[in-house]
Amino acid sequence: YRVYLLSDLEREDFPVFRAYLLPNLFRLTSARINLIRKKLMRNGSVVICGPGTGIQDGKKRSAEAASELFGFPMELEEKEVARRVLTYAGKHPALAGLASPETYGDSYVYGPILQPPLRLEDPAAVELGKVSAWWMCNRAGLLLKEFGKGAAGNVRKGGRGEGDCALVFSMAAPISAAVLRSLAIYGGCAPWADLGDVVAASGNMVAVHSARPGK
């Protein structure tokens, strides 16, 4: 992986990747939404957003910006809770890389709570996991929504271009490596190893640290 600032998206030579993680995009404006759509939401990519995505626009806290980005109504609850997400392994191609259901998150209490509606009526949005929190919150904790032709890893044939992608929203952090890996593969990333080895790669070098013996 490589780490960039949000301002790097404004560069004309910003590189194209298959998967993007936006873990702390708390301030979300219309200009930033347009920039994300132009530079990240294309070519069948997967864009993964953390639990505080768009909770404020620089002036007030609300779920309006998150609702605009994800394309379905979001809610902001002024509560602070610890939260975890239980994923549904294997029930969707985006989680095909999980051998069994996996729980991620931690015990840190934080807020406010950005959450999807109790009844998700958007046919393009799929629940990939359920949230577990110390709050009356029995709703989706990991959501994926396809835009255009969707991510490169879905069943739709043909190439991908502008506007073709999948957005993922998680109500808990940190997201486990196994879940991130499966989502990245759904976006078209090529896995270098199947055993969880540590891989570092650049334009002219690949380094692999084996986590266990094997082929």
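The values are calculated or read from the model by the stated rules, or taken from the named source; none is laboratory data. Quick caveat, the model's predicted, so the values are computed rather than measured. Don't worry about glycine lacking a Cβ; one is built from the backbone with ideal geometry, like all the others, and counts go over all protein chains shown. Surface accessibility is based on the protein's heavy atoms, side chains included, excluding ligands, DNA and RNA. Shrake-Rupley method; radii C 1.70, N 1.55, O 1.52, S 1.80 Å.
With only alpha-carbon atoms in the gyration tensor, what are the semi-axes of the equivalent ellipsoid for the chain, in Å, largest first? Numbers along the way, then the final one.
Numbers: eigenvalues 141, 93, 60 Å².
In descending order, the three semi-axes are 27, 22, 17 Å.
Quick check: residue separation of Tyr4 and Ser100 times 0.36 nm, minus the Cα distance between them. What number comes out in nm?
Result: 31.4 nm gained on full extension.
Under a GNM of the chain (C-alpha, springs under 10 Å), which listed residue has the highest mean-square fluctuation: Leu183, Leu118, Leu143?
Leu118
Show me, for region 128-145, the HN-Hα J-couplings you get by feeding each phi into the Karplus relation (A = 6.51, B = -1.76, C = 1.60, θ = phi - 60°), rounded to Hz, glycine and proline as x.
9, x, 10, 7, 10, 9, 7, 6, 5, 9, 9, 8, 4, x, 9, 10, 10, 10
As an exercise, identify the GluC sites (Glu not before Pro) in region 112-174 lying in DSSP coil whose Cβ has no more than 16 other Cβ atoms within 10 Å.
Loop-located and lightly packed - Glu121.
Among DSSP bridges having both ends in the chain, what percentage is antiparallel? Round to the nearest 5.
Bridges in the chain are about 75 percent antiparallel.
In region 81-215, what percent of the accessible surface is made up of carbon and sulfur (1.4 Å probe, ligands and nucleic acids excluded)? Present the calculation step by step, with values, prior to reporting the outcome.
Working: 4230 of 7400 Å².
Carbon plus sulfur share of accessible area: 57 percent.
By the scheme Lys and Arg +1, Asp and Glu -1, what is the net charge of all other residues having a beta-carbon under 11 Å from that of Asn154?
Values: positive: Lys149, Arg156, Lys157, Arg160; negative: Glu146, Asp164.
It works out to a net charge of +2.
Relative contact order (percent) for region 20-79, with alpha-carbon contacts under 8 angstrom and 6 or more residues of separation?
36 percent
Indicate the gyration tensor shape class of region 1-110 (rounded, prolate or oblate), computed on the Cα atoms with a ≥ b ≥ c the square roots of the eigenvalues: a/c under 1.5 is rounded; otherwise a/b larger than b/c is prolate and the rest oblate.
Judged from the Cα gyration tensor, region 1-110 comes out oblate (a/c at least 1.5, b/c at or above a/b).
Residues with amide H under 5 Å of Ala82's amide H, sequence separation 5 or more or different chain, H placed in the peptide plane at 1.01 Å from N; which?
Tyr110, Trp134
Could you report the chain's accessible area per residue, 1.4 Å probe, as an integer in Å²?
56 Å²
Which pairs, out of Lys91/Lys130; Lys38/Lys130; Lys38/Lys145; Lys59/Lys145; Lys91/Lys149, put more than 23 Å between their alpha-carbon atoms?
Values: Lys91/Lys130 13 Å; Lys38/Lys130 30 Å; Lys38/Lys145 17 Å; Lys59/Lys145 28 Å; Lys91/Lys149 20 Å.
Over 23 Å Cα-Cα: Lys38/Lys130; Lys59/Lys145.
Who wins for biggest fluctuation among Arg119, Arg84, Arg42 in a Gaussian network model of the chain, springs between alpha carbons below 10 Å?
Result: Arg119 has the largest fluctuation of those listed.
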